[in-house]
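*Asks:* The structure is given below, and queries will be raised subsequently.
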Amino acid sequence: MLGQILDKIRDYYVSRFMDAVNEHSSTDGVTVAHEPAFCDSNGDVVCEGELSLPARGDLLLIRDGTVFDSVRIDTYGMLSFEPVAFDWPGGKLNVLMRPFQWNWIQLRIFGLGPDADWTPIRNWFIGWFQENDPDAYELLGGVHFLSDPERGGEYTQVSIDLGTAPVESFEELLDAIGQMGATSVQIGQFEEDS
């Protein structure tokens with residue numbers, strides 16, 4: 001059941017992503033670069049934030065060799081399902097998963113100390129980021145963005161754009177959270193004040 005829910009959440013986003021690529025690619029004189037890594041003026045991938053991570057955009061629109069616009073693919077709706085609670089195999093991680101968008105998932109991670117080692121999540125992200133930009137007619141199959149950790153009272157929150165990464169990336173993310181020593185994680189989209 002969990003795998004089916006995750007497949008549907010991912011497919012909802014990826015189908016809209018591909019629709020946008022096809023729509024912009026059909027414009028005369030426009031070339032679309034999808035899932036480009038953010039680079040500096042020398043073409044080197046830029047790493048920023050507390051975890052020193054790279055990031056990717058969704059689409060760049062190019063005319064006459066010059067980028068003239070960037071497009072972010074948002075899914076305004078999301079798959080509706082009752083919250084699912086389960087214990088993640090391989091550790092003592094309790095998971096509560098609520099509806100979320102593949103391109104904007106928020107995690108509230110419980111049981112981490114103030115000096116938590118974020119290496120497992122950083123390594124997970126770098127592993128799924130993919131080294132090279134995708135070919136013109138292929139999806140990258142990689143993640144796009146991971147926010148800096150925001151520490152609250154009982155939990156630490158991060159936001160992630162899973163991009164076009166497969167469901168396996170989500171499963172490995174749970175493994176990484178477990179490796180950090182977390183006791184539980186809530187997955188969904190949360191209001192700022194809750």
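Coordinate-derived values only; no laboratory data. On a predicted model such as this, the values are computed, not experimentally measured, just so you know. Because the Cβ atoms are built from the backbone with ideal geometry, glycine has one as well, and the counts that use them run over all protein chains shown.
*Asks:* Once the other residues with Cβ under 15 Å from the Cβ of GLU168 are scored (Lys, Arg +1; Asp, Glu -1), what is the net sum? Could the numbers behind the result be given before it?
*Replies:* Working: positive: ARG10; negative: ASP7, ASP11, GLU171, GLU172, ASP175.
For residues surrounding GLU168, the net value is -4.
*Asks:* Only loop residues by DSSP count here, and only those with at most 15 other Cβ atoms within 10 Å; note down the trypsin sites (Lys or Arg not before Pro) in segment 25-110 that meet that. Working shown, then result.
*Replies:* On the way: sites: ARG56, ARG63, ARG72, LYS92, ARG108; in loops: ARG72, LYS92.
The qualifying sites are ARG72, LYS92.
*Asks:* Test of understanding: in a Gaussian network model of the chain with alpha carbons linked when under 10 Å, which of ILE62, ILE160, ILE109 would top the mean-square fluctuation ranking?
*Replies:* Per the Cα network of the chain with a 10 Å cutoff, ILE62 tops the list.
*Asks:* Once fully extended, how much extra length lies between PHE86 and ASP74, figured as 0.36 nm per residue of separation less the alpha-carbon to alpha-carbon distance? Walk me through the numbers on the way to the answer.
*Replies:* Numbers: separation 12, 0.36 × 12 = 4.32 nm, distance 2.84 nm.
Gain on stretching PHE86 to ASP74: 1.5 nm.
*Asks:* Modelling each spin label as a point 7 Å along the Cα-to-Cβ direction, I'd like the ARG122/ARG98 distance in nm, to one decimal.
*Replies:* With each label point 7 Å from Cα toward Cβ, the separation is 3.0 nm.
*Asks:* Now for a different question. Could you list the residues of segment 127-152 with an amide nitrogen less than 20 Å from a label point located 7 Å from the Cα of CYS39 in the Cα-to-C-beta direction?
*Replies:* 127-145, by backbone N distance to the label point.
*Asks:* Using alpha carbons only, how many angstrom separate the centre of segment 34-48 from the centre of segment 121-192?
*Replies:* 19 Å
*Asks:* Specify the longest stretch of the chain that does not include any exposed loop site, a site being one of the GluC sites (Glu not before Pro) with a non-H, G, I, E, B DSSP assignment and at most 15 other Cβ atoms within 10 Å.
*Replies:* Values: sites that count: GLU50, GLU131, GLU138, GLU154, GLU191, GLU192.
The segment 51-130 is the longest one with no such site.
*Asks:* From the square roots a ≥ b ≥ c of the eigenvalues of the alpha-carbon gyration tensor of segment 59-142, which class results: rounded (a/c under 1.5), prolate (a/b over b/c), or oblate?
*Replies:* Values: a/c = 2.60, a/b = 1.70, b/c = 1.53.
Prolate.
*Asks:* Choose one answer from TRP124, TRP102, TRP88: the residue with the largest mean-square fluctuation in a GNM of the chain with alpha-carbon springs under 10 Å.
*Replies:* TRP88
*Asks:* At 0.36 nm per residue, and after removing the present C-alpha to C-alpha distance, how many nm does the segment from ASP64 to ILE5 gain when stretched out fully?
*Replies:* Working: separation 59, 0.36 × 59 = 21.24 nm, distance 4.21 nm.
So the chain would gain 17.0 nm between ASP64 and ILE5.
*Asks:* Given R₀ = 30 Å, FRET efficiency for ASP19-GLN189 by Cβ-Cβ distance, to 0.05?
*Replies:* Details: r = 22 Å, r/R0 = 0.74.
With a Förster radius of 30 Å, E is 0.85.
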